[in-house]
Amino acid sequence: MQAGTRKIVPTISQGVKEFLQENNVGLQDISVQLLKEKVFTDKKEYILDISLKNKTNISEYKINDEEIKYAINILEKIFSFMNLKLNINSYQQNGLPVIKITSDGKDGLIIGKNGQNLASLQYFISIVLNKKFHKQIPILIDIDSYLSKRITYLKNYVKTLANNVLEKKSETITDLLPPHERKIIHEEIKAYNLKSFSVGKGPYKKVVITALL
């Protein structure tokens, strides 16, 4: 990967637009990192590092039994420490490996408020697998059909963000999201004739939705 280009701009979209024009590439070809955000009384200033990236496609990821078994083993140990006895198995959904947890009345405890506990568990497993196998492994964790409910939430979330961006002819940025959730946002935003791209480093990144590209 080439060395990054440093840009100081009033909007993230402006820095990205300049880089795309300078290098004659598309949004799918770049990696954007937000180094610093300065907020003034009437404006913002962003310091970005933008570079070309190596293309990867997690939708084509092939399930590896060793990786799945290792992830399940880690989860079983975590729940054992919590004195929780749960059924854990795995399957594939849309090309991604999913670990399904079935509990007896403990769904709420594991999911947490607004899915915070499950999100933390998902993040922890991704870090553990990355350190063990030295690569990003997009394993999803589901309990009580939470994934399908989360997808519905994200689609409504995109609608709200898109309408706001269209009204103000501006850009907005989400919270940190895992790859499969960012993919949903990228796909949904196309219906609004807006552009989107990820910002950050590692498996969890933010998504910028913009009317400025």
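The values are calculated or read from the model by the stated rules, or taken from the named source; none is laboratory data. Just so we're clear, the structure is a prediction, and the values are computed from it rather than from any experiment. For neighbour counting, all protein chains shown are included, and Cβ atoms are generated from backbone atoms with ideal geometry for every residue, glycine included.
Here is a yes/no grid of residues against (1) in the same structural domain as residue 70 (by TED's automatic domain parsing); (2) without any contact (Cβ under 8 Å) to a residue 24 or more places away in the chain; (3) of a type outside the set (Ser, Thr, Tyr):
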site: 126; (1), (2), (3): yes, no, no
site: 158; (1), (2), (3): no, no, yes
site: 164; (1), (2), (3): no, yes, yes
site: 172; (1), (2), (3): no, no, no
site: 175; (1), (2), (3): no, no, yes
site: 188; (1), (2), (3): no, no, yes
site: 195; (1), (2), (3): no, no, yes
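Looking at segment 175-213, which of the residues that are acidic (Asp, Glu) and assigned to a helix (DSSP H, G or I) is nearest to residue 123 (Cα to Cα)?
Here the answer is 181.
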Inset, instruction - For segment 55-174, please list each of the strands (runs of 3 or more DSSP E) lying entirely inside it that holds at least 2 residues being exposed (fewer than 13 other Cβ atoms within 10 Å of the Cβ). - result: 87-93
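With the requirement that a residue be hydroxyl-bearing (Ser, Thr, Tyr) and without any contact (Cβ under 8 Å) to a residue 24 or more places away in the chain, what does segment 19-55 give you? Walk me through it before giving the result.
First, the residues of segment 19-55 that are hydroxyl-bearing (Ser, Thr, Tyr): 31, 41, 46, 51.
Passing the criteria: only 41.
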Legend entry - Residue within segment 54-74 that is at pLDDT below 85 and of a type in the set (Phe, Trp, Tyr) present: yes
